[in-house]
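Peer 1: Next up is a structure, given as structure tokens.
The values are calculated or read from the model by the stated rules, or taken from the named source; none is laboratory data. Owing to the predicted nature of the structure, the values given are computational and were not obtained by experimental measurement. Reconstructed Cβ throughout: ideal geometry from the backbone, glycine too, with neighbour counts over all protein chains shown. Surface areas here come from the heavy atoms of the whole protein model, side chains and all, with no ligands, DNA or RNA. Shrake-Rupley method; radii C 1.70, N 1.55, O 1.52, S 1.80 Å.
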Amino acid sequence: EEEEEEEEFFRLRRDKARAEVGDSSRAGLHAAASATDLGVDALVAAIRDRFVTGAWLDDDAAARLKEHAAAVNGGNSDDDDENVFGDFEDLESGQVFSGATPVVPSTSEEPGEGEAATEPAAPAAAAGREPATKHEVRQRKKERLKALFDEEYDNVAPGSKYEEIKEAMAEQQQFNRSEFAGDDPEQRVLFEGYRPGLYVRIEIDAVPCELVTHFSPRFLVAGGLASTEQTMGFVQLRFKRHRWFKRTLKSRDPLIFSLGWRRFQAVPIYAMQDQTFRNRMLKYTPQHMHCIATFYGPVTPPNTGCLAVQSVSGTQAAFRIAGTGVVVEQDKAADVVKKLKLTGVPFKIYKNTALIRDMFTSALEVARFTGAKIRTVSGIRGQVKKADKTHPGAFRATFEDKILKSDIVFLRAWYPVKPPRLYNPVTNLLLQDKEHWVGMKTAGQLRFEQGLRAPFSGDSQYQAISRTQRRFNPLTIPKSLQAALPYASKPKMVKKQTHKTMEAKRVLIPEPKEQRIDRLLQQLNTIKHEKERKRKEKMKAQHKAYEEKKSKLEASREAARRKHRQELFRQQGKKEAARKRHQDK
């Protein structure tokens, strides 16, 4: 108990009279109603100013309510939060902390000592003015905080640039309003321009006649383009195929891009940036990875979002969005390259040089690649020197070591690839059927419609590599070099033994016990092999039954899919026939 008393430095001290009063506002109402037994109308009139419908913003009404509450509570206003929590007494020093001034309790019971503590409050009354109540002090504090807030956020220092511009705009608006007050609206528009909120009529030149012929009562968004937005060039996107799109996108296949306010068809080329910051062309988009898509179109600011689809006509059962991306760069030229590997064979070999043919066709091509690095399959590096005059397309090259006539020499080069300059805006508003705009089709779609097969090249097929076994001459070390070598490095001329040794000719005859052990192991192995054979036969039978069941299930699914396709094609045929009849009418 002593430890608990030492830890509690402060003890809550409540005023019994104030605790009985509680909420002054509610207590005042109840006291007024009980003291003066008013009727319903008089009671409503008394509490009207307590709600929004009353005159609670009126200073006189607030003062009357305050005086009424003070009269009911005996002059004690309970608006201060400090009175609710009460006073605190320091148990160590015996000092009492109140809401206003700390009071030191008197140890004597004489009234003179108790009155001495209240003497410092007298100078306020002696100054010839009434002392400020707690409510007024709090009100002044709130006003100061409100003034600071207004000065920081609402009020702007007089004479600032913002105030000057604002006053000039207000004066100009007032002058315009007074100047054109009596003018005709059309005459006013000629001088002042179209004000916000007016209806305007726009006249557009060079509009295709199909827009009027096949006009649809829809909203048309009219906008303007800056001169920089009308420039055409090569745009690079950080592009990614959508994971829900089933087909793989191929380079040089047309896509419909939604870029900014434009919708157009372009032919992109996909590339991947390597460690040397070279954009290497890709034939297909990578799986779950970003790549660089370059196409010819309107120059767009970087960080502009983009969305791509393959077709906007008809309905598709699969996911429509082919990919998404963002503009990273725009330029007048494209810097996409493609790997090019040239091969040749040597026809004359010297010590560290050789003549290579079948790599180029003329001396002009050799001059273009003079100084290029070449390499053999075995890893010997070299360099192109100059063209050979005797054989067209042949050249002389130097290598690190002497090469063989069977070596293949190859050169790795990079060929620049330029995207096709195709920009085809989507003009579906010029068609009668707005939802069936068809642009340029892919090569796969054209082959499917015309019933053609993809071109077949035998060189593109993977074939089994067959290489002849190469025989190398045995290593011969000169005798002079052998004499200088240490004994551990000298070749040991050990002939291969041709006749059988005594160990090979010896016959082992097992003991009777060993014969019984061998016989038992042989029997156990026989049993094991028989069980393995039966198990494999059982597995084959189960697998055969599973394959038959799987084939039946696949056949039933194929029949269901065929029936579904027939029904789908029948419905599409009906729609096409109805559309043709509607067009004929």
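Peer 1: Scan the range 318-353 residue by residue and report those that are surrounded by 14 or more Cβ atoms within 10 Å (Cβ to Cβ) and among the aliphatic types (A, V, I, L, M).
Peer 2: Ile321, Ala322, Val326, Val327, Val328, Ala334, Val336, Val337, Leu342, Val345, Ile349
Peer 1: Give the residues of the range 250-282 that are in contact with a Leu (Cβ under 7 Å, 6 or more places away or on another chain) and open to solvent by 50 Å² or more (accessible area, probe 1.4 Å), sorted by residue number.
Peer 2: Within the range 250-282, just Met272 meets the criteria.
Results for (1) over 30 Å from Gly325 (Cα atoms); (2) modelled with pLDDT of 85 or more; (3) of a type in the set (Phe, Trp, Tyr), shown as yes or no for each residue.
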residue: Ile165; (1), (2), (3): yes, yes, no
residue: Arg188; (1), (2), (3): yes, no, no
residue: Gly197; (1), (2), (3): yes, no, no
residue: Phe234; (1), (2), (3): no, yes, yes
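Peer 1: Can I ask one more? How many residues does the range 282-311 hold that are assigned to a strand (DSSP E or B) and not β-branched (Val, Ile, Thr)?
Peer 2: The qualifying residues number 12.
Peer 1: Tally the residues that are open to solvent by less than 100 Å² (accessible area, probe 1.4 Å) and at positive phi, restricting the search to the range 185-207.
Peer 2: Number satisfying all stated conditions: 2.
Peer 1: Going through the range 423-444 one residue at a time, which ones are of a type in the set (Gly, Ala, Ser) and either farther than 18 Å from Arg247 by Cα or open to solvent by 70 Å² or more (accessible area, probe 1.4 Å) (or both)? Write out each step before concluding.
Peer 2: Of all residues in the range 423-444, those of a type in the set (Gly, Ala, Ser) come to 439, 443-444.
Listed by number, the list holds a single entry, Gly439.
Peer 1: Something else now. Do we find that Ile477 is over 30 Å from Ser311 (Cβ atoms), aliphatic (A, V, I, L, M) and surrounded by 10 or more Cβ atoms within 10 Å (Cβ to Cβ) in this structure?
Peer 2: Yes; evaluated as a whole, the condition is true for this residue.
Peer 1: In the list Thr370, Thr361, which residue meets the criterion of being open to solvent by 100 Å² or more (accessible area, probe 1.4 Å), of a type in the set (S, T, N, Q) and either farther than 25 Å from Gln273 by Cβ or part of a helix (DSSP H, G or I) (or both)?
Peer 2: On inspection, the qualifying residue turns out to be Thr361.
Peer 1: Which condition number does Thr231 fail, the rest of (1) β-branched (Val, Ile, Thr); (2) over 25 Å from Asn428 (Cα atoms); (3) open to solvent by less than 80 Å² (accessible area, probe 1.4 Å) being met?
Peer 2: (2)
Peer 1: In addition: Taking Ala293, is it open to solvent by less than 30 Å² (accessible area, probe 1.4 Å), closer than 30 Å to Gln571 by Cβ, in contact with a Phe, Trp or Tyr (Cβ under 7 Å, 6 or more places away or on another chain) and of a type in the set (A, V, I, L, M, F, W, C)? I'd like the intermediate steps shown before the answer.
Peer 2: Values: open to solvent by less than 30 Å² (accessible area, probe 1.4 Å): yes; closer than 30 Å to Gln571 by Cβ: no; in contact with a Phe, Trp or Tyr (Cβ under 7 Å, 6 or more places away or on another chain): yes; of a type in the set (A, V, I, L, M, F, W, C): yes.
So Ala293 fails the test.
Peer 1: What about Leu508, is it open to solvent by less than 100 Å² (accessible area, probe 1.4 Å) and either out of contact with any Gly (no Cβ under 7 Å at 6 or more places or on another chain) or more than 30 Å from Leu404 (Cβ to Cβ) (or both)?
Peer 2: So Leu508 does not fit the description; no.
Peer 1: Can you name the number of the only condition in (1) assigned to a helix (DSSP H, G or I); (2) surrounded by fewer than 10 Cβ atoms within 10 Å (Cβ to Cβ); (3) charged (D, E, K, R) that Arg447 fails?
Peer 2: Of the numbered conditions (1) assigned to a helix (DSSP H, G or I); (2) surrounded by fewer than 10 Cβ atoms within 10 Å (Cβ to Cβ); (3) charged (D, E, K, R), the odd one out for Arg447 is (2).
Peer 1: Which one of these does Arg243 not meet: (1) open to solvent by 10 Å² or more (accessible area, probe 1.4 Å); (2) over 22 Å from the mean Cα position of the chain (by Cα); (3) closer than 30 Å to Leu446 by Cα?
Peer 2: (2)
Peer 1: Let me ask something else. Taking the stated definitions as given, is Thr285 within 28 Å of Asn428 (Cβ to Cβ), among the β-branched types (Val, Ile, Thr) and open to solvent by 60 Å² or more (accessible area, probe 1.4 Å)?
Peer 2: Spelling it out, it is not the case that Thr285 is within 28 Å of Asn428 (Cβ to Cβ), among the β-branched types (Val, Ile, Thr) and open to solvent by 60 Å² or more (accessible area, probe 1.4 Å).
Peer 1: For Lys505, are the conditions met, namely being basic (Lys, Arg) and without any contact (Cβ under 8 Å) to a residue 40 or more places away in the chain?
Peer 2: Yes, satisfied.
Peer 1: If we scan the range 402-421, do we find a residue that is assigned to a strand (DSSP E or B), surrounded by 14 or more Cβ atoms within 10 Å (Cβ to Cβ) and not hydrophobic (A, V, I, L, M, F, W, C)?
Peer 2: Looking for residues that are assigned to a strand (DSSP E or B), surrounded by 14 or more Cβ atoms within 10 Å (Cβ to Cβ) and not hydrophobic (A, V, I, L, M, F, W, C), one finds none in the range 402-421, hence no.
Peer 1: For a quick check of your reading of the model, give me the residue pairs whose first member lies in the range 183-200 and is of a type in the set (D, E, K, R), whose second is open to solvent by less than 80 Å² (accessible area, probe 1.4 Å), with beta-carbon atoms closer than 6 Å and at least 6 apart or on different chains.
Peer 2: Taking only residues 6 or more apart or on different chains, the pairs are Arg188/Phe180.
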